[in-house]
Structures are given as C-alpha cells and as structure tokens.
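The values are calculated or read from the model by the stated rules, or taken from the named source; none is laboratory data. Since we're looking at a predicted model, the values are computed, not measured. Here Cβ is always computed from backbone atoms with ideal geometry, including for glycine, and neighbour counts include all displayed protein chains.
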Amino acid sequence: MPLDISIGGRAGAITVPTTYVWSTEDAAIGRRAAQLTSRWVTGPFDFKVLEGVSHWIPEQVPDKLAAYILERDQERVAGDLTGASPRSTSSVWARRSILHAIRRCASK
C-alpha cells in the first residue's frame with residue numbers, strides 16, 4: 001500500500017544502516033536534496049558519490065552499485081557475527097533478491 005502523504009502524515013525515521021548512492025550527473029535529484037535525506041535516518045548513514053554517472057545508476061554502473069551494497073551488507077554480517085543485530089530469514093531473502101537483480105542488470 002503506498003504511503004498517503006496527502007493527509008500530512010509522515011513515515012517514521014529510518015533506523016537501519018542506510019547507504020545513499022548519488023551521481024554527479026543526476027538531472028532529477030540535486031546533491032543537496034540527496035544529502036538532506038540523512039535527516040530522516042537515525043541509523044548509520046553513508047553517502048556515496050559516483051562522478052560522471054547519470055540518474056540511472058543501476059544501468060550505467062551496476063558493478064559499482066553492487067559493490068556498495070555488498071560493502072554495507074558485509075558490515076551488517078560482521079555485526080551479526082558479533083551479536084550486534086539479529087539475522088532474520090527475511091533479511092537473507094532480501095539480500096539474495098537484491099544481488100540477483102543486480103547480477104541480472106549487470107549481465108545485460
């Protein structure tokens with residue numbers, strides 16, 4: 001169900017580790033707007049910049065995007081091994097789905 005913002009409601013803060021991948025040639029989202037999203041994140045926030053890439057990051061540099069996702073995932077796995085966060089079946093499924101989608105995109 002889509003979030004209904006017409007009544008002024010807000011989603012809660014993002015509490016999970018978040019990586020925002022922005023590109024310098026993005027015609028849709030400016031750097032300031034992208035950086036200001038960190039206001040909505042209370043968990044660890046990492047802002048990555050890709051030079052010379054357009055808004056279509058997965059299509060243009062799927063390997064770099066996959067590397068950023070795997071980097072964040074490795075941090076999460078390290079936390080799991082130290083007991084910092086529980087590992088659920090849904091997070092394992094989500095990780096596999098993301099990696100599968102990136103590999104499909106990269107193979108095109």
Quiz item: Got at least one residue in the range 50-73 being modelled with pLDDT of 90 or more, surrounded by 13 or more Cβ atoms within 10 Å (Cβ to Cβ), in contact with a Lys or Arg (Cβ under 9 Å, 6 or more places away or on another chain) and over 23 Å from Arg104 (Cβ atoms)?
Solution: no
Exercise. Taking the residues in the range 38-67 that are touching a strand residue (DSSP E or B) at 6+ places or on another chain (Cβ under 6 Å) and polar (S, T, N, Q) as candidates, determine which candidate is nearest to Ile102 (Cα to Cα).
Key: Gln60
